[in-house]
Amino acid sequence: MTAGRGGSAPAAVLCGVGAWLPPEAVPNTEVAQRLGVTEKWILQRTGVRSRRRASPGAATVSMAVEAGSRALKSQGHGQVDAVLLATMTPDRTAPAGAPEIASRLGLSGVAAFDLNAACSGFVYALSVAAGFIATGTAERVLVIGADTMSRVVDPWDRTTAAIFGDGAGAVVVRAGRSEEPGALGPFVLGSDGTDADLLCAAAGDSRAQNAHTAQERRSYLRMDGRQLFRNAVERMREAIQETVDRSGWVLPDVDSFAIHQANARILQALSTSLAVPGERWLSNIAHVANTSAASVPLLLDHSVRDGSLTPGARVAVAAFGGGLTWAATTVVWPELTSID
């Protein structure tokens, strides 16, 4: 499935960005000791040096409120017409978290709902926001990606315990013109449910604490890392190439690649596959790990902060996650301020 700009319909334009990480950093020393491996073993296989862990009183909604608040401040005011939350770790199965987030941000009465496309969820939600704007349903939309992965990961599973972290990121998009900086380009969205079992969690919510009985451990996130690696590289390579082509660009035109921070080796493999130098690939995985739906917006915010993303840069955005799902788009980066 693909979707792009249509006729004279307004484009979705980025106008705010924000992020939130829990204060507690968990270094590789702590994880390595528990898993019976070395810090070097974790770093070589994942590219992660530390990750953040939500405190017992925090969960997906509370982190999303923090990131959303900063994105609203970044746009210059607190008004939007809709709130979309991309997450695979909701506070509870029902109701959705987005209405609570909207209420806590002083936005009661606006449209609000959750979306689950795992690690691709934020880019999927961006495409929904772009649709809202194109049809006149909304003038401004707050899009949040947030996940509390520490609550669904088995702390003794070497496949998952070292790679995932907690966090939230957000952007605001507004109605604008397709030719102005910040306008989101063509969206490429896809899925393959035949491989749904490669990454899945039977149960759990982000307000529950890790439980350790054998029965409860069966509901934790399970991941076939080898097969996911192959699929992630192939699907994101194809999605990136398609959205770049449909934007009227060629790969050498792209200044920065803002890709879901799943694993440093996936980024390296994509760099090789697309013949794009590693310095053009934005990365923060070393200090935040894989934050699922929060990954892309966190990366965008952090790249603004550290100067890796500057106005006028041509950016390709892509993600891959369970489902299987994948998504990509492009944007010419606008002038944005990240809020502490």
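The values are calculated or read from the model by the stated rules, or taken from the named source; none is laboratory data. Bear in mind that the values here come from a model prediction, so they are computed numbers and not experimental data. Using ideal geometry, Cβ is built from the backbone for each residue, glycine included, and neighbour counts are taken over all protein chains shown.
Being free of Cβ contacts under 8 Å to residues at least 60 places away in the same chain, closer than 26 Å to Leu14 by Cα and of a type in the set (A, V, I, L, M, F, W, C) is the filter here; which residues of the stretch 271-298 pass it?
Val276, Trp281, Leu282
What is the residue count in the stretch 102-145 for residues that are out of contact with any His (no Cβ under 9 Å at 6 or more places or on another chain), within 22 Å of His260 (Cβ to Cβ) and in a helix (DSSP H, G or I)?
10
Among the residues of the stretch 96-136 satisfying the criterion of being of a type in the set (Val, Ile, Thr) and surrounded by fewer than 24 Cβ atoms within 10 Å (Cβ to Cβ), which is farthest from the chain's Cα centre (by Cα)?
First, the residues of the stretch 96-136 that are of a type in the set (Val, Ile, Thr): 101, 110, 123, 128, 133, 135.
Now restrict to residues that are surrounded by fewer than 24 Cβ atoms within 10 Å (Cβ to Cβ): 110, 128, 135.
Numbers: Val110: 23, Val128: 15, Thr135: 25 Å.
For the stretch 96-136, the residue satisfying everything is Thr135.
Run down Ser150, Ser191 and say which single residue is at pLDDT below 95 and within 19 Å of the chain's Cα centre (by Cα).
Numbers: Ser191 fails: at pLDDT below 95.
Just one listed residue meets the conditions, Ser150.
Which of the following residues is in a helix (DSSP H, G or I) and either without any contact (Cβ under 8 Å) to a residue 40 or more places away in the chain or not basic (Lys, Arg) (or both): Ala32, Ala19, Ala58? Even if it seems obvious, please write down each step before you answer.
Values: Ala19 fails: in a helix (DSSP H, G or I); Ala58 fails: in a helix (DSSP H, G or I).
None of the others qualify; the one that does is Ala32.
Please name all residue pairs, on different chains or six or more residues apart, with Cβ atoms under 6 Å, provided the first residue is in the stretch 86-110 and is farther than 16 Å from Ile144 by Cα and touching a residue at least 40 places away in the same chain (Cβ under 8 Å) and the second residue is part of a loop (DSSP other than H, G, I, E, B) and of a type outside the set (Val, Ile, Thr).
Arg92/Asp205
Go through (1) within 17 Å of Leu300 (Cβ to Cβ); (2) more than 17 Å from the chain's Cα centre (by Cα) one by one and return the number of the condition Ile240 breaks.
(2)
Within 19 Å of the chain's Cα centre (by Cα), closer than 20 Å to Thr148 by Cα, aliphatic (A, V, I, L, M) and in a helix (DSSP H, G or I): is that true of Ala64 in this structure? Full working, then the answer.
Details: within 19 Å of the chain's Cα centre (by Cα): yes; closer than 20 Å to Thr148 by Cα: yes; aliphatic (A, V, I, L, M): yes; in a helix (DSSP H, G or I): yes.
Spelling it out, Ala64 is indeed within 19 Å of the chain's Cα centre (by Cα), closer than 20 Å to Thr148 by Cα, aliphatic (A, V, I, L, M) and in a helix (DSSP H, G or I).
So for the stretch 315-332 (the condition being more than 25 Å from Ser191 (Cβ to Cβ) and surrounded by fewer than 18 Cβ atoms within 10 Å (Cβ to Cβ)), does at least one residue qualify? Lay out the reasoning, then the answer.
Quick first cut of the stretch 315-332, residues more than 25 Å from Ser191 (Cβ to Cβ) only: 332.
Cutting the leftovers down to surrounded by fewer than 18 Cβ atoms within 10 Å (Cβ to Cβ) gives us none.
No; the residues of the stretch 315-332 include none that is more than 25 Å from Ser191 (Cβ to Cβ) and surrounded by fewer than 18 Cβ atoms within 10 Å (Cβ to Cβ).
Do we have Leu85 as within 21 Å of the chain's Cα centre (by Cα) and of a type in the set (A, V, I, L, M, F, W, C) here? Spell out how you get there, then give the answer.
Numbers: within 21 Å of the chain's Cα centre (by Cα): yes; of a type in the set (A, V, I, L, M, F, W, C): yes.
Yes, satisfied.
Only one of (1) at pLDDT 75 or above; (2) in contact with an Asp or Glu (Cβ under 8 Å, 6 or more places away or on another chain); (3) surrounded by 15 or more Cβ atoms within 10 Å (Cβ to Cβ) fails for Gln227. Which number is that?
The failed condition is (3).
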